[in-house]
1. Loop only by DSSP, 12 or fewer other Cβ within 10 Å of the Cβ. Give me the GluC sites (Glu not before Pro) in the stretch 42-89 that pass, ordered by residue number.
2. Enumerate the calculated ³J(HN,Hα) couplings along the stretch 4-9 in order (Karplus 6.51 cos²θ - 1.76 cosθ + 1.60, θ = phi - 60°), each rounded to whole Hz, writing x wherever the residue is Gly or Pro.
3. Just checking my list (i) 30; (ii) 23; (iii) 39 against percent of Cα pairs over 21 Å apart computed from this structure; which label fits?
4. Among the GluC sites (Glu not before Pro) in the stretch 1-44, which ones are in a DSSP loop with at most 10 other Cβ atoms within 10 Å of the Cβ? Mind listing them?
5. So which trypsin sites (Lys or Arg not before Pro) in the chain pass both tests, a DSSP loop state and at most 14 other Cβ atoms within 10 Å of the Cβ?
6. Computing the accessible area with a 1.4 Å probe over protein heavy atoms, can you report the carbon and sulfur percentage for the stretch 24-89?
7. Given the rule -39500 (n - 2.57) for each run of at least 4 DSSP H residues, summed and divided by the residues of the chain, what is its mean residue ellipticity at 222 nm, to the nearest 500 deg cm²/dmol?
8. Connecting C-alpha atoms closer than 10 Å in a GNM of the chain, tell me which of 47, 64, 19 has the biggest fluctuation.
Amino acid sequence: MSFTKEKIADLKVKHGENLFIIKSDSGAQSIVRKPTLKELEALQGLLSSGQLMTYNIALYRTCLVEGDKFEDEKNYKDLVGMSGKMAEIIEVATASVEKL
């Protein structure tokens, strides 16, 4: 699947500017949006129980705007690879601790 400039502009109008395209080596493409804090909190239990792959896939499917959904189990490599890129979308501030 490929996206035209017009399609991307339309999606930005509908979903805002926080859109990202994820591409796999096989040619699969998806547009995802940045997750909300509530969505991250809802999936936090998967991380704390050590289910990183399940967390990534759930986050990918939650934030998927348009593109390859990988409903067929035969495409699990693309699903795992592309969902693994969701961590790069999450913005985290850097903080420091100073002893007083």
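1. On the way: sites: 66, 71, 73, 88; in loops: 71.
Hits after loop and neighbour filter: 71.
2. Whole-Hz 3J(HN,Hα) from phi for the stretch 4-9: 7, 4, 5, 5, 5, 4.
3. Correct label is (iii).
4. Values: sites: 6, 17, 39, 41; in loops: 17.
Within the stretch 1-44, the qualifying GluC sites (Glu not before Pro) (loop, at most 10 other Cβ atoms within 10 Å) are 17.
5. Numbers: sites: 5, 7, 12, 14, 23, 33, 38, 61, 69, 74, 77, 85, 99; in loops: 69, 99.
Here the sparse-neighbourhood loop sites are 69, 99.
6. 51 percent
7. Numbers: 4 runs with 43 residues, N = 100.
Value at 222 nm, helices only, nearest 500: -13000 deg cm²/dmol.
8. 47
The values are calculated or read from the model by the stated rules, or taken from the named source; none is laboratory data. Since the structure is predicted, the reported quantities are computational estimates derived from the model, not experimental observations. When we count neighbours, we look across all protein chains shown, and the Cβ atoms used for this are built from the backbone with ideal geometry, even at glycine. Accessible surface is based on the protein model in full, side chains and every heavy atom, while ligands, DNA and RNA are left aside. Shrake-Rupley method; radii C 1.70, N 1.55, O 1.52, S 1.80 Å.
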